[in-house]
Amino acid sequence: MAQTAVMEFFCYHRDRPGSVALRDELLEKHWSYMDRYATEMIARGPTLAGDGDTPTGSVHIVDLPDTAAARAFAFDEPNYQAGVYRDVLLRRWRNMLGRTMWDFPGGRTGGMYLVLGLGTEQATNLALPRHQDELIAFGPLLSDNGAGWLGTAVLIRAPDPETARAILLPDRYAAIEVHNWQFGGRPS
């Protein structure tokens, strides 16, 4: 039996302003949809506003067979279909840590952040930082064919946004975004 090759994808759905009530209404549909991808999931969870409570987006890092499957994953999602999201960042990704968020030895406590480094015109030689203890997920954002470097996506535990941002060197990126993030999925 031939094994299907998988590719890793980073998907960040950004919420449309004023969509929290609709998001809440669709929560069970969202979880049910994501349950179908449980074995393919590397990391997942919402980004949050400064209050630490209001959702601003959803991050999903998944292993899927190809770009078409990744697009179906991103655009068939119930919140996307209903208009909760204003846009979607979908990129190939490479899991530099070789693990899922559930393997993160640091647990679920403390401040956690999504850090997106958006590429410059020149590719950055991406190496894992020396201090990896607080990294939950780390890898390059890549073009559809996996050959072009477009940036870096990191999930990290840090005491504050500035410390999280420092994981990426600013001179290697056109822009760096930092978002509050938390472990996602159904509550236990």
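The values are calculated or read from the model by the stated rules, or taken from the named source; none is laboratory data. Bear in mind that the values here come from a model prediction, so they are computed numbers and not experimental data. Every residue, glycine as well, gets a Cβ built from its backbone with ideal geometry; the counts of neighbours run over all protein chains shown.
Descriptive notes on the structure:
- Test: residue in the stretch 125-142 that is farther than 21 Å from Asp51 by Cα, under 16 Å from the mean Cα position of the chain (by Cα), modelled with pLDDT of 90 or more and of a type in the set (Val, Ile, Thr): yes
- If you go through the stretch 78-111 and keep only what is basic (Lys, Arg) and under 12 Å from Ile136 (Cα atoms), you end up with Arg99, Arg108.
- Residue check for Leu27: touching a residue at least 40 places away in the same chain (Cβ under 8 Å), under 26 Å from Pro187 (Cα atoms), surrounded by fewer than 17 Cβ atoms within 10 Å (Cβ to Cβ) and not assigned by TED's automatic domain parsing to the domain that holds Ala166: no
- Some residue of the stretch 168-178 being under 18 Å from the mean Cα position of the chain (by Cα) and basic (Lys, Arg): no
- Sub-9 Å Cβ pairs linking a first residue in the stretch 31-49 that is on the phi > 0 side of the Ramachandran plot to a second residue that is hydroxyl-bearing (Ser, Thr, Tyr), at least 6 apart or interchain, are Gly45/Ser58, ordered by first then second residue.
- Listing of strands (runs of 3 or more DSSP E) fully contained in the stretch 49-159 that carry 1 or more residues being surrounded by 19 or more Cβ atoms within 10 Å (Cβ to Cβ) and among the small types (Gly, Ala, Ser): 55-64, 112-119, 135-142, 149-157
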